[in-house]
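Here, each number is a calculation from the coordinates, and none is a lab measurement. Predicted, not measured: the structure shown is a model, and the values here were computed from it. Cβ: placed from backbone, ideal geometry, glycine included. Neighbour counts: every protein chain shown.
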Amino acid sequence: MFGNHVAHSERKARRTWLPNLQRHVYKSEILGGKSLRLKLTTEAMRNIDRLGGFDNYILKTSDILLGGPRSVGVELKKQMKEAYDQQVEQNRLAAIQAEFRTRLETAIKVATEKAEKVERENALKLATGNI
């Protein structure tokens, strides 16, 4: 932004407005609680609060608003997406293992019950002499 600073004497001098930069430490849940010390504008800090946290802000904001293709924000976004994809894959594998374990336990239980039933029938036949 640019414009004029107008004095009481109505003398005009060129001026610029600089962004209100603040240093702040944010923790990323996706990156395993990693602390990140960043210099952000107050507008970005308000957007982080509005979007529900640092991770959501980075993932939902476009690359251009994060500072372009070679910025820290875009690099963080790539790291977060990779970490998130790994977490999703681990959760998927854990769910598959749990399902397999449940099915295996059920199959063992059914097989055990069938074996016990056959054993009882054979014992009853022996006792009655029907073999």
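Taking only the alpha-carbon atoms of segment 22-82, what semi-axes of the equivalent ellipsoid follow from 5 times the gyration tensor eigenvalues under a square root, in whole Å, largest first?
With the √(5λ) rule applied to segment 22-82, the semi-axes are 15, 14, 11 Å.
Given (i) 72, 12, 10; (ii) 25, 19, 15; (iii) 59, 30, 11, which label gives semi-axes √(5λ) of the Cα gyration tensor in Å as computed from the coordinates?
Read-out from the structure maps to (i).
What angle, in degrees between 0 and 90 and rounded to the nearest 10, separates the Cα long axis of helix 72-128 from the longest principal axis of the Cα atoms of the chain?
Helix 72-128 sits roughly 10 degrees off the main axis of the chain.
Give the longest segment of the chain that steers clear of trypsin sites (Lys or Arg not before Pro) in DSSP loops with at most 12 neighbouring Cβ atoms within 10 Å, not counting the sites themselves.
Looking at the chain, 71-131 is the longest stretch - no exposed trypsin sites (Lys or Arg not before Pro) with at most 12 other Cβ atoms within 10 Å.
Evaluate the distance, in nm, between pseudo-label points positioned 7 Å from the Cα of M1 and of R15 along their respective Cα→Cβ axes.
1.1 nm
For K78 and E105, FRET efficiency with R0 = 35 Å and r from the beta-carbon atoms, rounded to 0.05?
According to the calculation, E is roughly 0.30.
Compute the distance in nm between two label points, each set 7 Å from the Cα along the Cα-to-Cβ direction, one at K27 and one at I64.
3.5 nm
Under the 0.36 nm per residue contour assumption, what length would be gained going from the current alpha-carbon distance of Q86 and R120 to full extension?
Taking 0.36 nm per residue and subtracting the Cα distance, the gain is 7.2 nm.
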